[in-house]
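Working notes, beginning with the structure itself.
The values are calculated or read from the model by the stated rules, or taken from the named source; none is laboratory data. Predicted model, so just to flag it, every value in this text is computed and none were measured. When we count neighbours, we look across all protein chains shown, and the Cβ atoms used for this are built from the backbone with ideal geometry, even at glycine. For the accessible areas, the whole protein counts, side chains as well, though only heavy atoms, and no ligand, DNA or RNA atoms are used. Shrake-Rupley method; radii C 1.70, N 1.55, O 1.52, S 1.80 Å.
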Amino acid sequence: MNIGDKVRLVHSKEEGIVTRFLQNDVVEIEIEEGFRLPVLKRELAVVSKSEDQFFRGQKGSPTVEKSAESRPVGIKAEKGIFMAFVSLNDREIALHLVNNTDWDLPYSLTMPTERHQRGLSGGVMKAKSSVKVQDLLIKDFDDWGTFVFHCLYYTVGFAPERAPFSKRVKFRANTFFKNKRKAPLLDKDAYLYQLDGDEKEKTEEPLNAQTLKEKMFEKNEPDTPTPTKVERPAAVIDLHIEKLTRDFMALSNTQMIEIQIKAFEQQLEKAIASGMDEITFIHGVGNGVLRTELHRRMSKHKNVKFFEDAQKEKFGYGATKVKIK
């Protein structure tokens with residue numbers, strides 16, 4: 001039995017994850033909603049991965065991971081790999097890995113020592129998923145050491161080839177606290193660090209663990225929001241599938257529609273955010289499925305004033321102009 005193992009109480013149906021070992025042969029396990037229980041080791045049975053998968057299938061319980069069929073086709077989110085540190089109390093922080101990309105990531109997270117490396121977590125993070133790694137003590141912040149993250153990029157179907165990704169991270173307290181915000185997918189406030197971001201690390205003097213604890217729980221003054229410049233899209237957006245992807249010949253009709261709708265939503269939101277008054281989408285005539293779906297979504301959008309068929313002499317009923325509030 002090791003930390004991170006899934007276990008079941010022998011005399012009940014309760015299940016949980018081993019978080020640490022206590023004195024007198026007592027094991028602490030974490031059950032639903034982050035609640036922790038001290039349990040005698042002899043009262044626990046380790047749940048094997050094969051058994052867990054079998055009974056999940058028998059019970060028909062929902063799985064967190066998305067299937068290949070339900071995942072959006074085409075890689076849109078190229079970046080978005082995070083380490084998220086969520087405060088549990090005034091002594092502990094939970095480390096999560098977050099994959100907010102559209103890639104599946106075979107990965108490993110290790111911590112090198114003088115002669116070896118210590119494995120912290122490994123496996124496959126599905127696209128748009130997260131995994132909890134471990135709980136860390138705040139008082140040991142100076143001894144956390146260096147984290148080393150490695151991953152490959154994989155997705156079903158056609159996708160551009162990408163080289164393996166590696167990142168070494170050594171946190172400094174002076175910068176650790178400047179990144180507290182809502183963590184993607186977790187929907188919790190966390191000290192967030194993007195592993196595949198472009199920002200350069202600043203070399204600053206580290207703080208000690210006591211200063212770290214004090215800064216975590218001090219009341220921060222609200223930061224003055226920095227205006228974000230949104231790229232202004234073209235006045236006319238062509239949603240024909242051959243304009244959106246080079247691999248359209250390998251896609252089904254449903255997959256094509258998904259890509260076209262996602263492109264429509266992205267460009268509409270950019271138009272709204274950049275202050276445009278109107279934007280035109282060329283969707284073609286076809287069987288009318290795409291046009292109907294776009295009109296349905298626009299009719300419910302709070303920032304759309306009205307929409308109408310555009311440039312009938314040029315496009316017939318194959319284009320729609322959107323007037324933005």
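Structural remarks
- In the range 163-173, the residue that is farthest from Ile259 (Cα to Cα) out of those that are part of a loop (DSSP other than H, G, I, E, B) and in contact (Cβ under 8 Å) with a residue 12 or more places away in the chain is Arg172.
- Only listed residue being at pLDDT below 90 and exposed (fewer than 11 other Cβ atoms within 10 Å of the Cβ), chosen from Pro222, Pro233: Pro222
- Residue in the range 298-307 that is outside any loop (DSSP other than H, G, I, E, B), more than 13 Å from Lys321 (Cβ to Cβ) and within 30 Å of the chain's Cα centre (by Cα) present: yes
- Residue in the range 162-173 that is under 27 Å from Arg246 (Cα atoms) and surrounded by 15 or more Cβ atoms within 10 Å (Cβ to Cβ) present: yes
- Residues of the range 92-125 that turn out to be among the polar types (S, T, N, Q) and not in a strand (DSSP E or B), as a count: 3
- Residue that is modelled with the lowest pLDDT, among those in the range 263-290 that are over 22 Å from Arg232 (Cα atoms) and either touching a Leu at 6+ places or on another chain (Cβ under 6 Å) or open to solvent by 70 Å² or more (accessible area, probe 1.4 Å) (or both): Gly286
- Filtered residues of the range 250-262 (kept if among the hydroxyl-bearing types (Ser, Thr, Tyr) and buried (at least 18 other Cβ atoms within 10 Å of the Cβ)): none
- Verdict on Arg56 being open to solvent by 60 Å² or more (accessible area, probe 1.4 Å), at pLDDT below 80 and assigned to a loop (DSSP other than H, G, I, E, B): no
- Leu207 meets all of the listed conditions (1) of a type in the set (A, V, I, L, M); (2) modelled with pLDDT under 80; (3) open to solvent by 50 Å² or more (accessible area, probe 1.4 Å) but one, namely (3).
- Residues of the range 131-148 that turn out to be over 13 Å from Thr110 (Cβ atoms), open to solvent by 20 Å² or more (accessible area, probe 1.4 Å) and either in contact with a Pro (Cβ under 8 Å, 6 or more places away or on another chain) or modelled with pLDDT under 90 (or both), as a count: 5
- Of all residues in the range 4-45 being within 29 Å of the chain's Cα centre (by Cα) and of a type in the set (Val, Ile, Thr), the one that is nearest to Ile93 (Cα to Cα): Thr19
- Tally of residues being surrounded by fewer than 15 Cβ atoms within 10 Å (Cβ to Cβ) and either at pLDDT below 90 or within 19 Å of His240 (Cβ to Cβ) (or both) across the range 309-325: 8
- Of all residues in the range 149-161, those being open to solvent by 40 Å² or more (accessible area, probe 1.4 Å) and either of a type in the set (Phe, Trp, Tyr) or under 25 Å from Arg91 (Cα atoms) (or both) number 2.
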